[in-house]
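**Student:** The structure under discussion is supplied below as C-alpha coordinates; questions concerning it will follow.
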Amino acid sequence: MLLSKTQEDIKNSILEFILDDNPKTSKFLRWNAIAGAGKTSTLKEMYKDYKEINSINNSLNQYLKIRDKLFFTATTNPAATLLNTIGCRNISTIHKFLNLKVMRGNNGTQYLYQVNQPKYSKDTIVIIDEASMVCDVTYEAIINSPYHYILIGDNQQFLAVNNNTEDVFKFYKEKELTSTETFRFEDPALSSYVRVLKQNVMDRKIEYIPNKIGDSLWIIDDDVYFNTLRDAYQYNSDDCLTITFSNKQVSKYETHIKNILGQTHKVKTGDKLIFKSPIRQHMGYRIDPKGGKNLTEIEVIKQASSPIVGNLLDQANIDYLIVRSREKTHKIYRECYLVEDYQELSSVLRRYARKKSWNEYYDIKNNVTVPNYGYASTAHGSQGMTIPYVFLDLTDIAHMTHLVGKDTINRMIYVAISRASKNVFVRGNIPQSLIGNY
(Lines give C-alpha, C1' and ligand atoms only; values in the text may rest on other atoms or scores of the structure.)
Protein backbone atom coordinates (compact mmCIF):
# COMPACT_ATOMS: atom_id res chain seq x y z
CA MET A 1 0.00 0.00 0.00
CA LEU A 2 1.38 3.38 -1.03
CA LEU A 3 1.39 5.94 1.79
CA SER A 4 1.52 9.69 1.42
CA LYS A 5 4.61 11.57 2.60
CA THR A 6 2.81 12.59 5.80
CA GLN A 7 1.72 9.01 6.49
CA GLU A 8 5.22 7.74 5.75
CA ASP A 9 6.72 10.26 8.19
CA ILE A 10 4.18 9.25 10.86
CA LYS A 11 4.92 5.57 10.28
CA ASN A 12 8.68 6.14 10.62
CA SER A 13 8.21 8.20 13.79
CA ILE A 14 6.16 5.42 15.37
CA LEU A 15 8.77 2.82 14.38
CA GLU A 16 11.52 5.01 15.82
CA PHE A 17 9.61 5.21 19.11
CA ILE A 18 9.14 1.43 19.15
CA LEU A 19 12.77 0.64 18.31
CA ASP A 20 14.32 3.15 20.72
CA ASP A 21 15.69 1.24 23.73
CA ASN A 22 16.80 4.37 25.62
CA PRO A 23 15.26 4.13 29.12
CA LYS A 24 14.81 7.94 29.13
CA THR A 25 12.53 7.76 26.11
CA SER A 26 9.14 9.38 26.66
CA LYS A 27 6.50 7.10 28.13
CA PHE A 28 3.92 8.42 25.64
CA LEU A 29 3.78 9.14 21.94
CA ARG A 30 0.58 10.86 20.81
CA TRP A 31 -0.74 10.82 17.27
CA ASN A 32 -3.55 13.35 16.89
CA ALA A 33 -5.20 12.70 13.53
CA ILE A 34 -8.21 14.21 11.81
CA ALA A 35 -11.03 11.87 10.72
CA GLY A 36 -10.06 10.16 7.46
CA ALA A 37 -6.29 10.52 7.97
CA GLY A 38 -5.67 6.85 7.17
CA LYS A 39 -4.68 5.73 10.66
CA THR A 40 -5.41 2.03 10.08
CA SER A 41 -3.54 1.97 6.75
CA THR A 42 -0.51 3.63 8.35
CA LEU A 43 -0.53 1.22 11.29
CA LYS A 44 -0.80 -1.74 8.91
CA GLU A 45 2.31 -0.62 7.00
CA MET A 46 4.12 0.16 10.25
CA TYR A 47 3.44 -3.34 11.58
CA LYS A 48 4.62 -4.88 8.31
CA ASP A 49 7.94 -3.02 8.64
CA TYR A 50 8.16 -3.99 12.31
CA LYS A 51 7.83 -7.69 11.41
CA GLU A 52 10.45 -7.37 8.67
CA ILE A 53 12.93 -5.84 11.13
CA ASN A 54 12.31 -8.72 13.51
CA SER A 55 12.74 -11.25 10.71
CA ILE A 56 16.05 -9.75 9.53
CA ASN A 57 17.27 -9.62 13.11
CA ASN A 58 16.47 -13.31 13.66
CA SER A 59 17.99 -14.45 10.35
CA LEU A 60 21.28 -12.76 11.22
CA ASN A 61 21.26 -14.28 14.69
CA GLN A 62 21.79 -10.84 16.10
CA TYR A 63 20.00 -9.16 18.95
CA LEU A 64 18.63 -5.84 17.84
CA LYS A 65 17.38 -4.01 20.89
CA ILE A 66 13.71 -3.52 20.22
CA ARG A 67 10.71 -3.58 22.50
CA ASP A 68 9.86 -7.07 23.68
CA LYS A 69 6.15 -6.93 22.94
CA LEU A 70 3.81 -4.88 20.79
CA PHE A 71 0.10 -4.78 21.61
CA PHE A 72 -2.69 -3.15 19.62
CA THR A 73 -5.63 -2.06 21.77
CA ALA A 74 -8.64 0.24 21.55
CA THR A 75 -11.03 1.84 24.00
CA THR A 76 -14.12 0.08 22.58
CA ASN A 77 -14.89 -3.41 21.28
CA PRO A 78 -15.91 -2.21 17.76
CA ALA A 79 -12.66 -0.21 17.44
CA ALA A 80 -10.62 -3.22 18.62
CA THR A 81 -12.39 -5.39 16.03
CA LEU A 82 -11.39 -2.98 13.24
CA LEU A 83 -7.74 -3.42 14.26
CA ASN A 84 -7.90 -7.07 13.16
CA THR A 85 -7.07 -5.95 9.61
CA ILE A 86 -3.55 -5.03 10.78
CA GLY A 87 -2.58 -8.69 11.16
CA CYS A 88 -1.24 -8.68 14.71
CA ARG A 89 -2.32 -11.44 17.11
CA ASN A 90 -2.04 -9.20 20.19
CA ILE A 91 -5.29 -7.23 19.82
CA SER A 92 -7.80 -6.45 22.58
CA THR A 93 -9.51 -3.58 24.34
CA ILE A 94 -7.26 -1.53 26.60
CA HIS A 95 -9.47 -2.56 29.54
CA LYS A 96 -8.79 -6.24 28.89
CA PHE A 97 -5.04 -5.62 28.47
CA LEU A 98 -4.87 -3.76 31.80
CA ASN A 99 -7.06 -6.37 33.57
CA LEU A 100 -9.79 -3.83 34.26
CA LYS A 101 -13.03 -5.58 35.23
CA VAL A 102 -16.55 -4.31 35.67
CA MET A 103 -17.48 -4.82 39.33
CA ARG A 104 -20.79 -4.35 41.12
CA GLY A 105 -21.07 -2.39 44.38
CA ASN A 106 -23.31 -3.13 47.36
CA ASN A 107 -26.05 -0.90 45.96
CA GLY A 108 -25.93 -2.70 42.60
CA THR A 109 -24.18 0.04 40.60
CA GLN A 110 -21.19 -0.88 38.47
CA TYR A 111 -17.65 0.46 38.43
CA LEU A 112 -14.35 -0.32 36.75
CA TYR A 113 -11.62 -1.95 38.87
CA GLN A 114 -8.12 -3.16 38.08
CA VAL A 115 -7.85 -6.72 39.36
CA ASN A 116 -4.06 -6.88 38.93
CA GLN A 117 -1.25 -5.50 36.80
CA PRO A 118 -0.54 -7.30 33.50
CA LYS A 119 2.76 -9.18 33.75
CA TYR A 120 4.71 -8.10 30.68
CA SER A 121 8.18 -6.67 30.23
CA LYS A 122 8.51 -3.01 31.15
CA ASP A 123 9.64 -2.41 27.53
CA THR A 124 6.24 -3.45 26.18
CA ILE A 125 4.68 -1.00 23.73
CA VAL A 126 0.89 -0.58 23.84
CA ILE A 127 -0.91 1.16 20.99
CA ILE A 128 -4.33 2.60 21.98
CA ASP A 129 -6.73 3.50 19.18
CA GLU A 130 -9.63 5.94 19.80
CA ALA A 131 -7.59 7.15 22.78
CA SER A 132 -9.78 10.22 23.27
CA MET A 133 -12.23 7.87 25.02
CA VAL A 134 -9.82 6.79 27.78
CA CYS A 135 -11.77 7.15 31.05
CA ASP A 136 -10.39 8.27 34.42
CA VAL A 137 -9.92 4.73 35.87
CA THR A 138 -8.16 3.57 32.70
CA TYR A 139 -6.03 6.71 32.77
CA GLU A 140 -4.84 5.94 36.32
CA ALA A 141 -4.04 2.34 35.34
CA ILE A 142 -2.03 3.57 32.34
CA ILE A 143 -0.08 6.10 34.40
CA ASN A 144 0.76 3.50 37.05
CA SER A 145 1.84 0.82 34.57
CA PRO A 146 5.50 0.46 33.48
CA TYR A 147 4.75 0.28 29.75
CA HIS A 148 5.20 2.70 26.87
CA TYR A 149 2.09 3.91 25.05
CA ILE A 150 1.27 5.18 21.58
CA LEU A 151 -2.04 7.04 21.86
CA ILE A 152 -3.93 7.48 18.61
CA GLY A 153 -7.11 9.46 18.16
CA ASP A 154 -8.84 12.73 17.52
CA ASN A 155 -9.71 14.79 20.58
CA GLN A 156 -12.51 16.46 18.64
CA GLN A 157 -14.28 13.10 18.44
CA PHE A 158 -15.92 11.47 21.45
CA LEU A 159 -14.49 11.75 24.94
CA ALA A 160 -14.96 9.24 27.72
CA VAL A 161 -18.12 9.55 29.80
CA ASN A 162 -17.71 12.07 32.66
CA ASN A 163 -14.35 13.26 31.36
CA ASN A 164 -13.34 16.49 29.71
CA THR A 165 -10.53 17.15 27.26
CA GLU A 166 -8.09 18.41 29.88
CA ASP A 167 -8.50 15.30 32.05
CA VAL A 168 -8.10 12.82 29.22
CA PHE A 169 -5.31 14.48 27.27
CA LYS A 170 -3.08 15.78 30.05
CA PHE A 171 -0.64 12.87 29.66
CA TYR A 172 -0.36 13.28 25.88
CA LYS A 173 2.05 16.20 25.94
CA GLU A 174 5.45 14.48 25.93
CA LYS A 175 5.76 13.81 22.20
CA GLU A 176 3.12 14.55 19.58
CA LEU A 177 2.52 13.72 15.93
CA THR A 178 -0.22 15.49 13.98
CA SER A 179 -2.10 14.54 10.80
CA THR A 180 -4.28 17.15 9.11
CA GLU A 181 -4.49 15.50 5.66
CA THR A 182 -7.58 13.45 4.84
CA PHE A 183 -7.59 10.49 2.44
CA ARG A 184 -11.04 9.01 3.07
CA PHE A 185 -13.13 11.46 1.06
CA GLU A 186 -13.39 11.33 -2.73
CA ASP A 187 -14.84 14.86 -2.96
CA PRO A 188 -12.46 17.67 -1.87
CA ALA A 189 -15.51 19.70 -0.83
CA LEU A 190 -16.51 17.06 1.73
CA SER A 191 -12.92 16.90 2.97
CA SER A 192 -12.93 20.66 3.52
CA TYR A 193 -16.27 20.53 5.31
CA VAL A 194 -15.01 17.84 7.70
CA ARG A 195 -12.21 20.25 8.65
CA VAL A 196 -14.84 22.90 9.35
CA LEU A 197 -16.73 20.49 11.60
CA LYS A 198 -13.55 19.65 13.51
CA GLN A 199 -12.82 23.36 13.98
CA ASN A 200 -16.39 23.91 15.20
CA VAL A 201 -15.81 21.39 17.99
CA MET A 202 -12.62 23.23 18.95
CA ASP A 203 -14.44 26.59 18.85
CA ARG A 204 -17.47 25.19 20.73
CA LYS A 205 -19.81 26.32 17.97
CA ILE A 206 -22.73 24.59 16.22
CA GLU A 207 -23.85 25.68 12.75
CA TYR A 208 -26.57 24.61 10.33
CA ILE A 209 -25.47 21.96 7.84
CA PRO A 210 -25.46 23.47 4.30
CA ASN A 211 -28.15 22.16 1.92
CA LYS A 212 -25.48 20.97 -0.49
CA ILE A 213 -21.72 20.42 -0.30
CA GLY A 214 -19.97 19.74 -3.59
CA ASP A 215 -21.25 16.54 -5.17
CA SER A 216 -21.17 14.56 -1.95
CA LEU A 217 -23.64 15.90 0.67
CA TRP A 218 -27.31 16.84 0.27
CA ILE A 219 -30.14 17.67 2.65
CA ILE A 220 -33.22 16.13 1.04
CA ASP A 221 -36.92 15.87 1.92
CA ASP A 222 -38.34 12.72 3.48
CA ASP A 223 -39.75 11.14 0.31
CA VAL A 224 -36.48 11.50 -1.62
CA TYR A 225 -34.48 10.43 1.45
CA PHE A 226 -36.35 7.15 1.97
CA ASN A 227 -36.50 6.36 -1.75
CA THR A 228 -32.74 6.90 -2.05
CA LEU A 229 -32.15 4.79 1.07
CA ARG A 230 -34.28 1.97 -0.37
CA ASP A 231 -32.48 1.99 -3.72
CA ALA A 232 -29.01 2.12 -2.14
CA TYR A 233 -29.59 -0.72 0.31
CA GLN A 234 -31.20 -2.90 -2.35
CA TYR A 235 -28.25 -2.31 -4.68
CA ASN A 236 -25.52 -3.03 -2.10
CA SER A 237 -26.32 -2.92 1.61
CA ASP A 238 -22.64 -3.49 2.51
CA ASP A 239 -21.80 0.00 1.21
CA CYS A 240 -24.49 1.76 3.26
CA LEU A 241 -24.93 2.85 6.85
CA THR A 242 -27.75 4.85 8.42
CA ILE A 243 -26.54 6.98 11.34
CA THR A 244 -28.87 8.45 13.90
CA PHE A 245 -28.58 9.63 17.49
CA SER A 246 -30.62 7.24 19.65
CA ASN A 247 -30.94 3.47 19.98
CA LYS A 248 -34.70 3.86 19.54
CA GLN A 249 -34.20 5.31 16.04
CA VAL A 250 -31.54 2.69 15.23
CA SER A 251 -34.03 -0.06 16.07
CA LYS A 252 -36.68 1.52 13.82
CA TYR A 253 -34.25 1.79 10.90
CA GLU A 254 -33.03 -1.78 11.37
CA THR A 255 -36.62 -3.02 11.07
CA HIS A 256 -37.35 -0.73 8.12
CA ILE A 257 -34.25 -1.84 6.18
CA LYS A 258 -34.83 -5.52 6.97
CA ASN A 259 -38.28 -5.16 5.42
CA ILE A 260 -36.79 -3.41 2.36
CA LEU A 261 -34.43 -6.35 1.90
CA GLY A 262 -37.15 -8.93 2.49
CA GLN A 263 -35.64 -10.21 5.75
CA THR A 264 -38.90 -10.67 7.61
CA HIS A 265 -38.21 -14.02 9.29
CA LYS A 266 -38.10 -14.26 13.08
CA VAL A 267 -35.21 -15.88 14.95
CA LYS A 268 -36.27 -19.22 16.42
CA THR A 269 -34.89 -22.02 18.56
CA GLY A 270 -32.28 -24.08 16.72
CA ASP A 271 -31.23 -21.22 14.38
CA LYS A 272 -27.53 -20.64 13.83
CA LEU A 273 -26.57 -16.96 14.02
CA ILE A 274 -23.31 -15.10 13.60
CA PHE A 275 -22.17 -12.72 16.34
CA LYS A 276 -19.41 -10.20 15.77
CA SER A 277 -18.15 -10.71 19.33
CA PRO A 278 -17.93 -13.79 21.53
CA ILE A 279 -20.81 -14.05 24.00
CA ARG A 280 -19.34 -12.72 27.18
CA GLN A 281 -20.56 -10.70 30.10
CA HIS A 282 -20.21 -6.92 29.89
CA MET A 283 -19.81 -6.94 26.12
CA GLY A 284 -22.07 -5.76 23.33
CA TYR A 285 -23.31 -8.29 20.83
CA ARG A 286 -24.00 -7.71 17.15
CA ILE A 287 -25.50 -10.18 14.71
CA ASP A 288 -24.10 -10.29 11.19
CA PRO A 289 -26.34 -12.26 8.83
CA LYS A 290 -23.66 -12.27 6.11
CA GLY A 291 -21.04 -14.10 8.17
CA GLY A 292 -17.34 -13.39 7.82
CA LYS A 293 -13.98 -13.82 9.47
CA ASN A 294 -13.39 -13.53 13.21
CA LEU A 295 -17.10 -13.99 13.91
CA THR A 296 -18.61 -16.40 16.41
CA GLU A 297 -21.42 -18.77 15.45
CA ILE A 298 -24.07 -19.14 18.13
CA GLU A 299 -27.13 -21.35 18.52
CA VAL A 300 -30.59 -20.55 19.86
CA ILE A 301 -31.31 -23.06 22.66
CA LYS A 302 -34.37 -24.06 24.68
CA GLN A 303 -33.26 -23.61 28.28
CA ALA A 304 -30.73 -21.45 30.12
CA SER A 305 -28.37 -22.84 32.74
CA SER A 306 -29.18 -19.83 34.96
CA PRO A 307 -32.83 -18.67 34.81
CA ILE A 308 -32.41 -15.42 36.82
CA VAL A 309 -32.57 -13.05 33.84
CA GLY A 310 -35.27 -15.12 32.19
CA ASN A 311 -37.42 -14.75 35.30
CA LEU A 312 -37.02 -10.96 35.18
CA LEU A 313 -38.04 -10.91 31.53
CA ASP A 314 -41.00 -13.21 32.27
CA GLN A 315 -42.17 -10.82 34.98
CA ALA A 316 -42.06 -7.99 32.44
CA ASN A 317 -43.99 -10.10 29.85
CA ILE A 318 -41.16 -9.78 27.31
CA ASP A 319 -40.64 -12.49 24.69
CA TYR A 320 -37.04 -13.67 24.51
CA LEU A 321 -34.76 -16.37 23.15
CA ILE A 322 -31.68 -17.89 24.75
CA VAL A 323 -28.52 -18.00 22.67
CA ARG A 324 -25.33 -19.88 23.42
CA SER A 325 -21.78 -19.88 22.09
CA ARG A 326 -18.73 -21.94 22.92
CA GLU A 327 -15.48 -20.00 23.11
CA LYS A 328 -12.70 -22.18 21.74
CA THR A 329 -10.02 -20.71 24.00
CA HIS A 330 -11.92 -21.47 27.21
CA LYS A 331 -13.87 -24.55 26.02
CA ILE A 332 -16.93 -23.39 27.94
CA TYR A 333 -20.33 -22.14 26.90
CA ARG A 334 -21.45 -18.53 27.20
CA GLU A 335 -25.08 -17.57 27.21
CA CYS A 336 -27.16 -14.46 26.77
CA TYR A 337 -30.80 -13.58 26.16
CA LEU A 338 -32.01 -12.21 22.84
CA VAL A 339 -34.97 -9.78 22.74
CA GLU A 340 -36.15 -8.68 19.30
CA ASP A 341 -38.27 -5.73 20.50
CA TYR A 342 -35.93 -2.92 21.58
CA GLN A 343 -38.81 -0.73 22.77
CA GLU A 344 -39.95 -3.34 25.30
CA LEU A 345 -36.44 -3.89 26.60
CA SER A 346 -35.75 -0.16 26.90
CA SER A 347 -39.00 0.35 28.81
CA VAL A 348 -38.07 -2.31 31.39
CA LEU A 349 -34.58 -0.86 31.87
CA ARG A 350 -36.02 2.63 32.44
CA ARG A 351 -38.46 1.22 34.99
CA TYR A 352 -35.68 -0.40 37.04
CA ALA A 353 -33.51 2.74 36.73
CA ARG A 354 -36.33 4.92 38.11
CA LYS A 355 -36.69 2.55 41.07
CA LYS A 356 -32.87 2.49 41.48
CA SER A 357 -33.10 -1.31 41.38
CA TRP A 358 -29.58 -1.56 40.02
CA ASN A 359 -29.06 -5.29 40.54
CA GLU A 360 -32.03 -6.10 38.30
CA TYR A 361 -31.08 -3.29 35.90
CA TYR A 362 -27.55 -4.62 35.30
CA ASP A 363 -28.64 -8.28 35.30
CA ILE A 364 -30.74 -7.42 32.26
CA LYS A 365 -28.38 -4.88 30.66
CA ASN A 366 -25.35 -7.19 30.83
CA ASN A 367 -27.07 -10.38 29.72
CA VAL A 368 -29.70 -9.31 27.19
CA THR A 369 -29.00 -8.26 23.63
CA VAL A 370 -31.07 -6.91 20.73
CA PRO A 371 -30.30 -8.09 17.17
CA ASN A 372 -28.29 -5.52 15.26
CA TYR A 373 -27.74 -6.33 11.60
CA GLY A 374 -25.31 -3.50 10.98
CA TYR A 375 -27.68 -1.53 8.73
CA ALA A 376 -27.99 1.36 11.18
CA SER A 377 -25.91 2.76 14.04
CA THR A 378 -25.75 5.57 16.53
CA ALA A 379 -23.08 8.19 15.92
CA HIS A 380 -21.14 6.72 18.87
CA GLY A 381 -21.31 3.23 17.41
CA SER A 382 -20.06 4.41 14.02
CA GLN A 383 -16.78 5.87 15.31
CA GLY A 384 -13.85 4.31 13.48
CA MET A 385 -15.90 3.14 10.47
CA THR A 386 -15.49 4.10 6.82
CA ILE A 387 -18.61 3.64 4.67
CA PRO A 388 -19.15 4.81 1.06
CA TYR A 389 -22.76 5.98 1.58
CA VAL A 390 -24.07 7.44 4.83
CA PHE A 391 -27.72 8.25 5.51
CA LEU A 392 -27.82 10.74 8.39
CA ASP A 393 -31.08 11.27 10.26
CA LEU A 394 -31.03 14.42 12.40
CA THR A 395 -34.69 14.33 13.45
CA ASP A 396 -33.96 13.00 16.95
CA ILE A 397 -30.92 15.17 17.70
CA ALA A 398 -32.81 17.76 19.76
CA HIS A 399 -34.15 15.02 22.06
CA MET A 400 -30.57 13.92 22.80
CA THR A 401 -29.36 17.38 23.82
CA HIS A 402 -30.75 17.30 27.36
CA LEU A 403 -29.12 13.88 27.84
CA VAL A 404 -25.61 14.55 26.56
CA GLY A 405 -25.17 18.33 26.14
CA LYS A 406 -24.24 20.51 23.17
CA ASP A 407 -20.55 19.60 23.14
CA THR A 408 -21.29 15.90 22.64
CA ILE A 409 -23.92 16.74 20.00
CA ASN A 410 -21.28 18.75 18.13
CA ARG A 411 -18.88 15.80 18.26
CA MET A 412 -21.65 13.46 17.07
CA ILE A 413 -22.19 15.59 13.96
CA TYR A 414 -18.46 15.63 13.19
CA VAL A 415 -18.10 11.86 13.64
CA ALA A 416 -21.27 10.97 11.70
CA ILE A 417 -20.54 13.03 8.57
CA SER A 418 -16.86 12.04 8.49
CA ARG A 419 -17.75 8.32 8.17
CA ALA A 420 -18.69 8.69 4.48
CA SER A 421 -16.10 8.28 1.75
CA LYS A 422 -18.50 9.13 -1.11
CA ASN A 423 -21.91 10.55 -0.23
CA VAL A 424 -23.94 11.78 2.76
CA PHE A 425 -27.72 12.01 2.47
CA VAL A 426 -29.19 14.09 5.30
CA ARG A 427 -32.72 14.07 6.69
CA GLY A 428 -33.56 17.20 8.69
CA ASN A 429 -31.08 19.75 10.03
CA ILE A 430 -29.70 21.13 13.28
CA PRO A 431 -32.51 22.70 15.39
CA GLN A 432 -32.41 26.45 15.92
CA SER A 433 -32.09 25.91 19.68
CA LEU A 434 -28.63 24.35 19.18
CA ILE A 435 -27.18 26.93 16.81
CA GLY A 436 -24.42 29.25 18.05
CA ASN A 437 -21.61 29.13 20.59
CA TYR A 438 -21.95 27.25 23.86
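The values are calculated or read from the model by the stated rules, or taken from the named source; none is laboratory data. Just so you know, these numbers come straight off a predicted model, no measurement behind them. No Cβ is skipped: glycine too gets one built from the backbone with ideal geometry, and neighbour counts run over all protein chains shown. Accessible surface areas use protein heavy atoms only, side chains included; no ligands, DNA or RNA. Shrake-Rupley method; radii C 1.70, N 1.55, O 1.52, S 1.80 Å.
**Student:** Check the straight Cα-Cα distances from K212 and name the aspartates and glutamates below 17 Å, setting aside those fewer than 8 residues away within the same chain.
**Tutor:** Of all the aspartates and glutamates, those that pass the test against K212 - Cα under 17 Å, at least 8 places apart if same chain - are E186, D187, D221, D222, D393.
**Student:** Quantify, in whole percent, the carbon and sulfur part of the accessible surface of segment 316-438 (1.4 Å probe; protein heavy atoms only). Display every interim value, and only then the final one.
**Tutor:** On the way: 2490 of 5360 Å².
Carbon and sulfur atoms account for 46 percent of the accessible area of segment 316-438.
**Student:** Another question, if that's okay. So if we plug the beta-carbon distance of S347 and T401 into 1/(1 + (r/R0)^6) with R0 = 30 Å, what FRET efficiency do we get, rounded to 0.05? Provide the component values of the computation, followed by the final result.
**Tutor:** Values: r = 22 Å, r/R0 = 0.74.
So the FRET efficiency works out to roughly 0.85.
**Student:** Pairs to check: K119/K198; K101/K302; K101/K122; K302/K365. Give those whose C-alpha atoms are more than 28 Å from each other in this structure.
**Tutor:** Numbers: K119/K198 39 Å; K101/K302 30 Å; K101/K122 22 Å; K302/K365 21 Å.
In this structure, K119/K198; K101/K302 exceed 28 Å between Cα atoms.
**Student:** State log₁₀ I(q)/I(0) for segment 376-438 at q = 0.20, 0.24 Å⁻¹ as given by the Debye formula over alpha-carbon point scatterers of equal weight, solvent excluded.
**Tutor:** One equal scatterer on each Cα of segment 376-438 leads to -0.77, -1.07.
**Student:** For the pair R354 and D238, how long in nm is the line joining their label points, each one 7 Å along Cα→Cβ?
**Tutor:** If labels sit at R354 and D238, their model points lie 4.5 nm apart.
**Student:** Can you tell me the length gained on complete extension of the stretch Q199 to E52, counting 0.36 nm per residue apart and subtracting the Cα distance? The partial results should precede the final answer.
**Tutor:** On the way: separation 147, 0.36 × 147 = 52.92 nm, distance 3.89 nm.
The Q199-E52 span can extend by a further 49.0 nm.
**Student:** Efficiency by 1/(1 + (r/R0)^6): what FRET value for D221 and D136, r their Cβ-Cβ distance, R0 = 45 Å, to the nearest 0.05? Before the final figure, lay out each step's value.
**Tutor:** Numbers: r = 44 Å, r/R0 = 0.98.
Working from the Cβ atoms, E equals 0.50.
**Student:** Now for a separate question. With a probe of 1.4 Å, find how much accessible area segment 197-249 has per residue, and write the answer as a whole number in Å². Kindly include the intermediate steps, with their values, before the conclusion.
**Tutor:** On the way: 2770 Å² over 53 residues.
Roughly 52 Å² per residue, with all protein chains present.
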